[in-house]
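Attaching a single structure in structure tokens format; questions to follow.
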Amino acid sequence: MDIGTGTGFLPAILKQKGYAVKSLDVNPNLNPDIVGSITSIPLKDSTFDIVSAFQVLEHLEFDNFERSISEMARVSKRYVVLSLPYFCLYLGIGMLPFRSKYLDWIYIIFNKRSASLDIVNFDISIQLTFMGKVGMVSDHKWELGRKGFPKSKVESVFSSKGLKIIKSFHRQMYPYHFFYLLEKVGL
């Protein structure tokens, strides 16, 4: 299930790939499959294998974050996937290592693609937790990494709702979108 369907891009792509996908949104004009709020999802427990919300939760007051995570975990059978805006200072460097057709055997041994496709990345991001709302997108109520919203605060909510972080990351060279893959504990 995709929550906060917006333009419907994600459900359309997944349906094209053969997946059964439902969408939920509070706005009936967006034609979601289910009209409802992320803070009170009108579905039974463990309805969907995966529940996702990309760039949705920051549009709600942070007081609703815990309830929203709880509801997503409730209707998910196993996984919750999130994307949140991440305000940080970022430095990234990508390097293309030397390639020689005579060294391709090394990449084969280590199960890598051809050396011509492997880029080595180095990146560092620093949360700017001293920054308030200066420069924040106008309809966002909060953003990860800003004053009062360090990653640790958000991540403690996940564990309190029975979710463990399987993976967390941001896209190389565009760190503003921070992703979490969460799994229900005790399955």
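Please treat every number below as a calculation from the coordinates, not as lab data. Note that the structure is a prediction, hence the values are computed from the model and not measured. Using ideal geometry, Cβ is built from the backbone for each residue, glycine included, and neighbour counts are taken over all protein chains shown.
Show me the chymotrypsin sites (Phe, Trp or Tyr not before Pro) within segment 127-161 that DSSP assigns to loop and that have at most 16 other Cβ atoms within 10 Å of their Cβ.
Details: sites: 130, 142, 158; in loops: 130, 142.
Filter output for segment 127-161: 130.
Now for a separate question. Work out from phi, with θ = phi - 60° and the Karplus expression 6.51 cos²θ - 1.76 cosθ + 1.60, the ³J(HN,Hα) of each residue of segment 34-48, listed in order in whole Hz, and give x for Gly and Pro.
For segment 34-48, the Karplus curve yields 10, 8, x, 9, 5, 7, 7, 6, x, 9, 6, 4, 6, 7, 10 Hz.
Just to verify a number: FRET efficiency for residue 13 and residue 147, C-beta to C-beta distance, R0 = 35 Å, to 0.05?
With R0 = 35 Å, the Cβ-Cβ based efficiency is 0.50.
Here's something else I'd like to know. For residue 141, which sequence-distant residues (separation of 5 or more, or a different chain) have an amide H within less than 5 Å of its own amide H, given hydrogens modelled in the peptide plane?
Amide H neighbours of residue 141: 59, 60.
Just to confirm a number: summing +1 for Lys and Arg and -1 for Asp and Glu over residues other than residue 20 whose beta-carbon lies under 14 angstrom from that of residue 20, what do you get? Kindly include the intermediate steps, with their values, before the conclusion.
On the way: positive: 15, 17, 22, 77; negative: 2, 33, 49.
Local net charge: +1.
In nm, to one decimal, how far is the modelled label at residue 179 from the one at residue 156, with both set 7 Å along Cα→Cβ?
2.8
Would you mind ranking 63, 25, 2 by Cβ crowding within 10 Å, fewest neighbours first?
Details: 63 9, 25 22, 2 26.
Fewest-to-most ranking of 63, 25, 2: 63, 25, 2.
Using θ = phi - 60° and the Karplus relation 6.51 cos²θ - 1.76 cosθ + 1.60, list the HN-Hα couplings for segment 12-20 in order, rounded to whole Hz, with x at every Gly or Pro.
Couplings: 4, 5, 5, 5, 4, 7, x, 8, 7 Hz.
Follow-up question, since we're still on this one. Compute the Rg to Rh ratio over segment 1-82 from the alpha carbon atoms, using the Kirkwood formula for Rh, and round to two decimal places.
0.93
Work out the FRET efficiency for residue 169 and residue 27 from their Cβ-Cβ distance, taking R0 = 35 Å, and round it to the nearest 0.05.
Working: r = 29 Å, r/R0 = 0.84.
Calculated value: 0.75.
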